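To keep things clear, I will list the structure first and then write my remarks on it.
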Amino acid sequence: MSNDTTLVLGATGKTGRRVIARLRLRGTPVRAASRSSETRFDWSDPGTWDAALRGVAAVYVVAPAVPGPVHEFTARAEAAGVRRLVLLSGRGADTWGDSSFGLDMRSAEDAVRGSALEWTVLRASNFAQNFDEEVFHAPLLAGELATPAGAVPEPFIDIDDVADAAALVLSEPGRHAGRIYELTGPRPILFEEAVELIARGSGRPLTYRKISPDEYAATLVRDGLSEDDAHHVAEMFVLMERGVLATTTEDLAALLGRAPRTFEDYVVRAAAAGAWRR
C-alpha cells in the first residue's frame with residue numbers, strides 16, 4: 001500500500017540534495033536514495049530498486065547516463081503502487097533532432113510519458129552552478145575556461161530554482177499531471193559574459209576562449225572523463241550552437257509566482273561562499 005513518502009533519486013547529486021531539503025521543510029516524508037545513501041539505489045543494479053520503491057507515492061527521477069533503465073524502473077514503480085513521477089530532463093528535448101546528445105534523457109522521457117502514472121517533466125537549461133560545482137569549475141580555478149560556445153547565448157538557470165520547481169510539483173498531486181515545463185533563467189548570456197561576471201564577482205583575472213568541439217572533448221579526456229562522457233558534453237555545445245535552446249520561457253515564473261534568479265545573483269552567492277578562491 002502506498003503512503004505519502006516521496007522517493008528522491010540521486011539524493012547526493014546537485015538537484016537531489018536540494019529537493020530533499022525543500023521537501024523536508026514542507027513536512028513531506030522523504031526517502032533519500034543513491035549509491036551511497038542509507039537507502040541504496042543504483043541504476044546499474046536493478047536489485048536495489050524494489051526496496052527503494054516500497055511504500056512510495058511519488059518519485060523524483062534524474063535519468064541515468066545511459067538510455068534504457070527508466071523503462072524497467074517505471075514498470076516496477078507501477079507495480080509497487082507509485083502514483084506520480086517527476087522527471088528532470090533537458091531544455092527543449094523534443095527539438096534535439098538527430099543530435100547524439102541527451103539520448104539518456106530522451107529515453108527517460110519516453111518511459112515516463114508512456115507510463116500509466118501521473119507524470120510531470122521538468123526540462124532545464126544549463127545550470128549556473130556548473131561554473132562552481134561541475135565541469136567548468138576546475139578550469140576557472142586555473143584562470144581560463146575554454147569551450148566550444150561562441151556567439152549563441154545560453155539562458156542559464158539557477159539550480160535552486162530547479163529545486164524549488166521540483167519540490168513544488170512533487171507537493172501538488174494532480175495539478176501538474178501530464179505537463180512539460182521548460183525552465184530557463186531570465187535572460188540568455190554568452191559564456192564569455194558569464195566568465196566576465198564571475199571574474200568581476202570573484203575579483204580574479206579570468207579569461208574565456210572558444211575552441212572546437214573536438215579540442216574540447218580531448219581536453220575533457222585529459223582531465224579524466226571517459227571518451228564517451230567527453231563526447232557527450234562536447235555534443236551539447238554542438239547542439240547549443242544551433243540556437244534552438246537560446247530563448248527564455250515563462251514557465252518557471254508561472255510555476256513559482258516569481259521571476260527566475262539572475263546569473264548575477266548566482267555569482268554573488270557563489271563568490272561569497274569562496275567558490276573561485278584559490
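The values are calculated or read from the model by the stated rules, or taken from the named source; none is laboratory data. Bear in mind that the values here come from a model prediction, so they are computed numbers and not experimental data. Cβ placement follows ideal geometry from the backbone for every residue including glycine, while neighbour counts extend to all protein chains displayed. Side chains included, ligands, DNA and RNA excluded: accessible areas come from the protein's heavy atoms. Shrake-Rupley method; radii C 1.70, N 1.55, O 1.52, S 1.80 Å.
Take the chain, mark every one of the GluC sites (Glu not before Pro) that falls in a DSSP loop and has at most 16 other Cβ within 10 Å, then report the longest stretch left between them, sites excluded.
On the way: sites that count: 38, 134, 241, 250.
With a cap of 16 other Cβ atoms within 10 Å, the longest stretch comes to 135-240.
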Q: Name the residue, out of 187, 17, 26, whose mean-square fluctuation peaks in a Gaussian network model built on the chain with Cα pairs under 10 Å.
A: 26
Q | Rounded to the nearest 10 Å², the accessible area of residue 237 at probe 1.4 Å | A | 0
Q.
What are the ³J(HN,Hα) couplings of the stretch 58-74, residue after residue, when phi is run through the Karplus curve with 6.51, -1.76, 1.60 and θ = phi - 60°? Round to Hz, x for glycine and proline.
A. 9, 10, 8, 10, 10, 4, x, 6, 10, x, x, x, 5, 5, 5, 4, 4
Q. To two decimal places, what compactness ratio does the chain give when its Cα radius of gyration is scaled by 2.2 N^0.38 Å?
A. 1.00
Q: With a 1.4 Å probe and every protein chain left in place, tell me how much accessible area residue 219 has, in Å² to the nearest 10.
A: 40
Q. Helix 213-222: angle to the longest alpha-carbon principal axis of the chain, degrees 0 to 90, nearest 10?
A. 80
Q) What Kirkwood hydrodynamic radius do you get for the stretch 165-224 when you take the inverse of the mean 1/r over all pairs of distinct Cα atoms, in Å? A) 15.7
Q. If packing is taken as the mean number of other Cβ atoms within 10 Å per residue, what is the order of 158-167, 79-88, highest first?
A. 158-167, 79-88
Q. Based on the Cβ-Cβ distance from residue 272 to residue 244, what FRET efficiency comes out when R0 is 51 Å, to the nearest 0.05?
A. 0.90
Q. For the stretch 64-180, what are the per-bin percents of Cα-Cα distances with bins 10 Å wide, up to the bin holding the maximum?
A. 12, 36, 34, 14, 4, 0
Q. Roughly what angle does helix 159-170 make with the longest principal axis of the chain, taking Cα atoms, 0 to 90 degrees, to the nearest 10?
A. 20
Q: Please list the equivalent ellipsoid semi-axes of the stretch 211-278, computed as the square roots of five times the alpha-carbon gyration tensor eigenvalues, in descending order and whole angstrom.
A: 29, 21, 10
Q: Report, to the nearest 10°, how far helix 103-113 tilts away from the longest principal axis of the Cα atoms in the chain, using its own Cα long axis and a range of 0 to 90°.
A: 30
